[in-house]
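The values are calculated or read from the model by the stated rules, or taken from the named source; none is laboratory data. Small disclaimer: the values here were computed from a predicted structure and weren't measured. Because the Cβ atoms are built from the backbone with ideal geometry, glycine has one as well, and the counts that use them run over all protein chains shown.
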Amino acid sequence: MHMTITRSLMTLSAAVALAIGMPATAQADDPLAVSVLVPITGFLALEGTAQRNGAVMALDNPPEGVRVTYDVADTATSPEVAVTALRRALDRQKPVAIAAPIFGTQMLAMAPIADRADVPLITVSGTAKLTELGHDIVFRFFPTDAVVKVAQARYAVQDLGMKRPAILFQTTAYGQSGRTELVRVLGDLGVAPVLEEAIDPGIKDFVPALERAAAAGADGLLLQLHSGPTALAVRQAHERGFEGPIVAGSALHQPTTAALVEPAALAGVCAESASSPVSDSGAEMAAFAEAYRQRFEAEPDAFALAQYDGMNMVLAALAAGARTAEAVKIWLAGNRFQGLAMEYVSDGTGNMAHDAIILCYDGLTRTPVVRKRYDNVDGVR
Amino acid sequence: MRLAVHRRGLAYVMLFLTAGAVLLGAGDAYAMRVATLVGTYAIAAIGFQLVFGRLGLLALSQGALFAIGAYALALSSVHWGWPPVLGLVLSVVVPALAGALVAVPIARLESHYVALATLGLAQLVLLAVTNLEVTGGANGLYGIPPLTVFGFDLSDSWRMLAVVWVAVAMALCVFAWATGAGRAGRLATLRDAPHAALALGLDPISNRLLAFTVAGALAGLAGGFQALGLGVVSPAVARFDVMITLLAIAVVGGRGSVWGAVTAAAILVPLPEVFRGLEQAYLLAYGVMLLAAVVALPTGIDGLVRRVLPDAPAPTPTPAAPKSRKISVLRVERVAKRFGGVQALDGAGFDARAGEVTGIIGANGSGKTTLLNIVTGLETADAGVVRLDAIPLLNHSPRARAGLGLARGFQHPEIPGGIDVLATVSVAATLGAGMAALERVGLAGRARVPATSLGPAERRRLDIARALAAGPTILLLDEPASGLGAGERADLAVLLCALAKSGMAVVVVEHGMDFLLPIADRLVCLDAGRVLAAGPTDAVCRDPAVIAAYLGTESAS
């Protein structure tokens, strides 16, 4: 009887192995595809290139036993190009995960399509709406405005003593979203901005905006601008002799942005960010930064690191046995992951990052120092 | 026969049908998405060809109208809950109205002023959609539902492809309607021969209104499809990139050619996709390809196709005499005109009687051409009276004067490109009347050749034929014999005499006395804007003042 049951179980096991197990083993040997769809050209080229670099660094060094292939495609800065790139990736590469653009407007167009295909999008986009639309495939590895803007506003008010800040923000989704959050947090702190000035990404001359800020009696500047405009605003504020402190958005932490400004003009200027690989002296971070420099002949930034961490979490999902896009999605949603920058865990809507830091420049070098940490700002972790 | 006439169009149709069949057969969803995008841009480019190609106006508002269409659909479906198919209707109507509104303020602007004014509109649209709450700000509007008709989902790759390309076919039909019934000739004349167009009584405003409205409707429809294809509309759709793409499609396709535009869209829209793998270098590669296309194909893709596969000439119509009117005299009295510090005319006048050739002579700058311009309404007079029999003309528009029988030939004939000789002369008349006018000037055998292929002498005859086609009662010609050989001058003299004999009043401004004196019944000699002498030709030629001021002793003898 016992033998019969054992034999039956063995037969059943063999049948299951033949029906499911054997093909599964064969599939496990096949490399899995990951698509990298990021803006490499256009006004987000700096951020997008950092994303690409971070993703590629992770995908080139998968954990033991994990084999992946990847394709990189430029999404430029229009939703049309991004959607076309996404459709091409879904149709031709069948990816289990996609490194997706930092540009929120593109993400808003891509998310419903990826949702229908059930393929997770791994992004560093800060646009708040992205994780509020009910899609369960968006995973954001850079803190949202609800985290980093809290750090920016609190540091400006509580540490620098700003009482009459002026906000210069970009006319893009990034700028408008950050501005809304800044105003909200400032309001909670009992401070009302004396000026809120929208700046088109193409504007090179910030003097009129700075004049208006001075005329409004601003005692400090809060910037929510992309890389190039941030550098221009900081430089022109210095040249014009604007005396109040400046706390910029995460764009200023990027070494490529700081490289556009003389160290003297950066004296006392601070910025929010999720991390700063060039400032962190830990061994692991230093190794990452050095490998990045060797590979791309550029300094790593927080966007590169966040995308690196995000793709490493995808690889961890694959190492844990996820073989399909859906399985990767479920693993990302249900697990914690200790990345280089921070520990990541979903808040239930795909927001994985919950820490922020404030970096400041000393006026002598272009390497900022971490001045303050704001951990678990949204209380998720 | 008709198939032979349209064989170029048939070749394009076969090409696109074959490409469509291959695409559907392959079943590649990504390729279908790109082909849908090609169709979307082709629709907007077909509309742009009407304004840019046919009217010659660099209207940089087409991209903005595309965006208005996209936002109209998004607003109606996302905010108001309209079904997308109704939103698609709105995406046609709103930009069409916007296009008409654009046409009104720029109705009298030309060249770079049109570009500047429409660029301003495009910037306004971009600013509005970026900053208005109702348009979703920089994030735009998302969550546009897929296109369904009676519950039937049309958003699938091949269904959407079919819907968009059916719309391309409809856009081609709309374009054919907008340029049909002789309108192609009128648009070409307004574009390349604006003075002749005015003198012929063509109405630039109504033609611009029509072109901008149709262009707006097509741009809006394309924008609607764009919104449906993406499921989201953002300010990116209002950025200048869209306008540049449409401009590139129009130029590479060939100015004014819709088939060229559709073909260029099929090449240029997928090109960034092809080069995208080059990452940062792709913009360079795209730019080089675009430049190479413009340099290698100066007349565009359709220009090349025309050379390789020319359409057979259309049949020529039977000549039909235009309606003739009867008048007795054109009377011009005490006309004055000042340009800044120069008194061009100072009380000048003349009578031109039916059945006579009236010559106007005088030194350069004496006011002869200005006088003709005032009579035909191309210039306004500071003072004076112009009457056609009892009808005062100075308060009439050039169009009304043309309707009363005034026709004008020019010192430098303006010849429109892209149309044949018969279409050129028939812009203000029937084809039959145009054919009759060509027979009259000896150009009937050249009726179906491109007007721009004519030599200088033939162009002068064409200019006269264009004036004659509408059946004028008064024909005013400005130096019609200049540049003609002896034989051609003799032929022209015979023609003018015959026209006068038929009851027309012929007024000829001319420097060539050997040509004018034998045919002129009466002469008017101008000097510094005043009439030095007027009367029968012999009497004026003997007038000592005329001899001293203009003719000289040799001519007088």
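Scan the range B:177-194 for residues that are surrounded by fewer than 19 Cβ atoms within 10 Å (Cβ to Cβ) and in contact (Cβ under 8 Å) with a residue 60 or more places away in the chain and jot them down.
B:GLY182, B:PRO194, listed by residue number.
Do you know which of the residues in the range B:500-539 that are among the charged types (D, E, K, R), surrounded by fewer than 20 Cβ atoms within 10 Å (Cβ to Cβ) and under 21 Å from B:ILE464 (Cβ atoms) is nearest to the chain's Cα centre (by Cα)?
B:LYS501
Does A:VAL150 meet the test of being within 14 Å of chain B (Cβ to nearest Cβ) and among the β-branched types (Val, Ile, Thr)?
Criteria not met by A:VAL150.
Counting only residues that are part of a helix (DSSP H, G or I) and either at pLDDT below 90 or within 14 Å of another protein chain (Cβ to nearest Cβ) (or both), how many does the range B:126-163 have?
Here the count works out to 13.
Pairs only if they're at least six apart or on different chains, beta carbon under 7 angstrom, first in the range B:227-241 and closer than 13 Å to A:LEU108 by Cα and within 7 Å of another protein chain (Cβ to nearest Cβ), second among the charged types (D, E, K, R) and assigned to a helix (DSSP H, G or I); list them, first residue then second.
Filtered contacts from the range B:227-241: B:LEU230/A:GLU80.
For the range B:246-262, give me each residue that is of a type in the set (Val, Ile, Thr) and over 21 Å from B:TRP165 (Cα atoms).
Across the range B:246-262, the qualifying residue is only B:VAL251.
Taking the options A:ALA286, A:ALA298, A:ALA291, A:ALA304, name whichever one is assigned by TED's automatic domain parsing to the domain that holds A:THR123, surrounded by fewer than 19 Cβ atoms within 10 Å (Cβ to Cβ) and at pLDDT 95 or above.
The conditions single out A:ALA291.
Between a residue in the range B:286-300 that is on the phi < 0 side of the Ramachandran plot and any residue that is part of a loop (DSSP other than H, G, I, E, B), which pairs come within a Cβ distance under 7 Å, given they are 6 or more apart or on different chains?
Partner pairs satisfying both residue conditions: B:THR299/B:GLY254.
Quick one: which helices (runs of 4 or more DSSP H) lie wholly within the range B:181-280 and hold at least 1 residues that are polar (S, T, N, Q) and on the phi < 0 side of the Ramachandran plot?
B:183-192, B:204-230, B:240-253, B:258-268
Which condition from (1) outside the structural domain of B:LEU388 (by TED's automatic domain parsing); (2) buried (at least 24 other Cβ atoms within 10 Å of the Cβ); (3) modelled with pLDDT of 90 or more; (4) among the aliphatic types (A, V, I, L, M) is the one that B:LEU476 breaks?
Every condition holds for B:LEU476 apart from (1).
Quick check: anything in the range A:193-211 over 19 Å from B:LEU126 (Cα atoms), charged (D, E, K, R) and within 14 Å of chain B (Cβ to nearest Cβ)?
Yes, the conditions are met somewhere in the range A:193-211.
So which of A:LEU332, A:LEU318, A:LEU266, A:LEU252 ends up being outside the structural domain of A:ASP118 (by TED's automatic domain parsing), crowded, with 21+ Cβ neighbours inside 10 Å, within 30 Å of A:ASP347 (Cβ to Cβ) and of a type in the set (A, V, I, L, M)?
That would be A:LEU252, the only listed residue that is outside the structural domain of A:ASP118 (by TED's automatic domain parsing), crowded, with 21+ Cβ neighbours inside 10 Å, within 30 Å of A:ASP347 (Cβ to Cβ) and of a type in the set (A, V, I, L, M).
Under the condition of being within 13 Å of chain B (Cβ to nearest Cβ) and over 17 Å from the mean Cα position of the chain (by Cα), which residue from the range A:41-69 is farthest from A:LEU315 (Cα to Cα)?
Going through the qualifying residues, I end up with A:GLY42.
Return only the number of the condition from (1) surrounded by 24 or more Cβ atoms within 10 Å (Cβ to Cβ); (2) in a helix (DSSP H, G or I); (3) of a type outside the set (Asp, Glu) that A:ALA231 does not satisfy.
Of the numbered conditions (1) surrounded by 24 or more Cβ atoms within 10 Å (Cβ to Cβ); (2) in a helix (DSSP H, G or I); (3) of a type outside the set (Asp, Glu), the odd one out for A:ALA231 is (1).
Right, A:LEU340: of a type in the set (A, V, I, L, M), within 19 Å of A:GLY54 (Cα to Cα) and part of a helix (DSSP H, G or I) or not?
No; evaluated as a whole, the condition is false for this residue.
Would you tally the residues in the range A:82-131 being free of Cβ contacts under 8 Å to residues at least 24 places away in the same chain and either of a type in the set (Gly, Ala, Ser) or facing chain B (nearest Cβ under 9 Å) (or both)?
5
Any residue in the range B:482-499 that is among the small types (Gly, Ala, Ser) and buried (at least 22 other Cβ atoms within 10 Å of the Cβ)?
Checking the range B:482-499: not a single residue is among the small types (Gly, Ala, Ser) and buried (at least 22 other Cβ atoms within 10 Å of the Cβ).
Can you tell me which residues in the range A:132-147 are under 20 Å from A:ILE358 (Cβ atoms) and touching a Phe, Trp or Tyr at 6+ places or on another chain (Cβ under 8 Å)?
A:PHE141, A:PHE142, A:VAL147 - these are the residues of the range A:132-147 that are under 20 Å from A:ILE358 (Cβ atoms) and touching a Phe, Trp or Tyr at 6+ places or on another chain (Cβ under 8 Å).
If I filter the range A:59-94 down to residues being polar (S, T, N, Q) and outside any helix (DSSP H, G or I), which single residue comes out as nearest to A:PRO201 (Cα to Cα)?
Applying the filter and picking the extreme gives A:THR77.
Would you call B:LEU161 closer than 14 Å to B:LEU221 by Cβ, crowded, with 16+ Cβ neighbours inside 10 Å and not assigned by TED's automatic domain parsing to the domain that holds B:PRO398?
no
How about the range B:6-57: which of its residues are among the aliphatic types (A, V, I, L, M), touching a residue at least 60 places away in the same chain (Cβ under 8 Å) and under 24 Å from B:VAL214 (Cβ atoms)?
Residues satisfying the conditions are B:LEU37, B:VAL38, B:ALA42, B:ILE43, B:ALA44, B:ALA45, B:ILE46, B:LEU50, B:VAL51, B:LEU55, B:LEU57.
Here are some residues: B:SER91, B:SER76. Which one is surrounded by fewer than 24 Cβ atoms within 10 Å (Cβ to Cβ), in contact with a helix residue (DSSP H, G or I) (Cβ under 8 Å, 6 or more places away or on another chain) and part of a helix (DSSP H, G or I)?
So the residue among B:SER91, B:SER76 that is surrounded by fewer than 24 Cβ atoms within 10 Å (Cβ to Cβ), in contact with a helix residue (DSSP H, G or I) (Cβ under 8 Å, 6 or more places away or on another chain) and part of a helix (DSSP H, G or I) is B:SER76.
What about B:LEU121, is it within 32 Å of the chain's Cα centre (by Cα), surrounded by 19 or more Cβ atoms within 10 Å (Cβ to Cβ), assigned to a helix (DSSP H, G or I) and not β-branched (Val, Ile, Thr)?
Against the criterion (within 32 Å of the chain's Cα centre (by Cα), surrounded by 19 or more Cβ atoms within 10 Å (Cβ to Cβ), assigned to a helix (DSSP H, G or I) and not β-branched (Val, Ile, Thr)), B:LEU121 qualifies.
Go through the residues of the range B:291-304 one by one and say whether even a single one is surrounded by fewer than 13 Cβ atoms within 10 Å (Cβ to Cβ), out of contact with any helix residue (DSSP H, G or I) (no Cβ under 9 Å at 6 or more places or on another chain) and under 30 Å from B:GLY384 (Cβ atoms).
There is no residue in the range B:291-304 that is surrounded by fewer than 13 Cβ atoms within 10 Å (Cβ to Cβ), out of contact with any helix residue (DSSP H, G or I) (no Cβ under 9 Å at 6 or more places or on another chain) and under 30 Å from B:GLY384 (Cβ atoms).
If you go through the range B:475-493 one residue at a time, do you hit one that is within 28 Å of B:ARG325 (Cα to Cα), in contact with a Lys or Arg (Cβ under 7 Å, 6 or more places away or on another chain) and free of Cβ contacts under 8 Å to residues at least 40 places away in the same chain?
Looking for residues that are within 28 Å of B:ARG325 (Cα to Cα), in contact with a Lys or Arg (Cβ under 7 Å, 6 or more places away or on another chain) and free of Cβ contacts under 8 Å to residues at least 40 places away in the same chain, one finds at least one in the range B:475-493, hence yes.
What about B:ALA451, is it within 19 Å of B:LEU476 (Cα to Cα) and surrounded by 17 or more Cβ atoms within 10 Å (Cβ to Cβ)?
No.
Taking interchain pairs and intrachain pairs at least six residues apart, which have beta carbon atoms under 8 angstrom, with the first residue in the range B:330-346 and in contact (Cβ under 8 Å) with a residue 40 or more places away in the chain and the second among the aromatic types (Phe, Trp, Tyr)?
B:VAL332/B:PHE350
Here are B:VAL251, B:VAL305: which of them is β-branched (Val, Ile, Thr) and without any contact (Cβ under 8 Å) to a residue 60 or more places away in the chain?
None of the other options fit; the residue is B:VAL251.
Any residue at all in the range B:264-284 that's within 14 Å of chain A (Cβ to nearest Cβ) and aromatic (Phe, Trp, Tyr)?
Yes, the range B:264-284 contains a residue that is within 14 Å of chain A (Cβ to nearest Cβ) and aromatic (Phe, Trp, Tyr).
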